[in-house]
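Notes follow once the structure below has been shown.
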Amino acid sequence: METLLRPELKSSYFNCHRIEDEGKIYKYLGVRFFRKLLVLSNWERSRKKETPIRKSLILLEYYEYRTRTSEFGHGIISIIIAIITVYVCMAYSFKQTIWLIFFNIFLNIYPIIVQRYNRPRVRRVINKHKLKHPNFAKEIDNLVKFYY
C-alpha cells in the first residue's frame, strides 16, 4: 500500500535520537535475538528479494526509505491493537488481553525496534558513499526526488 501512496516520511521522528545511542538500548531489549528469529523463519530471505542491499546508492537509499515505511506501518498497527487491547481489557478482563499484548509486542514493537536499529547503520553507509562520490550523489538525489 505504501508503494501506491509513497509518503515522504521525513519527520525528525525517524532520525536517531540520543536515547538510542548507537542501538545499545535495542541490544539490551533483545533486537539481535529477534533478528535471528527473522533469519530462521526465512523472513529475511523474502525481504532481500523485495529490497536487495548492494553497493548501489540508489538501492541503499531505497532500503533506508523502506525502513521508514515499515516502521510507520507497524506503528499505526501497533496503536490500533493497543486501542483494541484497552477496549477488551475494560469490556472483559485483563486476562483476556494478554495474548493481544504479546502479539502486539512480537509482531509490531520488535519490528519497529529492528528498523530503528538498522536505519542509522544504513545511513552511515549512505553518507560514506556520498562522501566518496559527491557528484554521483547529487545525480542520485535528483533522480530520487524525481521518482519519490
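The values are calculated or read from the model by the stated rules, or taken from the named source; none is laboratory data. Everything quoted here is computed from the prediction, not taken from an experiment. Every residue, glycine as well, gets a Cβ built from its backbone with ideal geometry; the counts of neighbours run over all protein chains shown.
Brief remarks on what is shown
- Test: residue 86 is out of contact with any strand residue (DSSP E or B) (no Cβ under 8 Å at 6 or more places or on another chain), of a type in the set (A, V, I, L, M) and surrounded by 18 or more Cβ atoms within 10 Å (Cβ to Cβ): no
- First in region 13-35 and under 18 Å from residue 105 (Cα atoms), second anywhere and at pLDDT below 85 and of a type in the set (Gly, Ala, Ser), Cβ under 9 Å, 6 or more apart: 31/23
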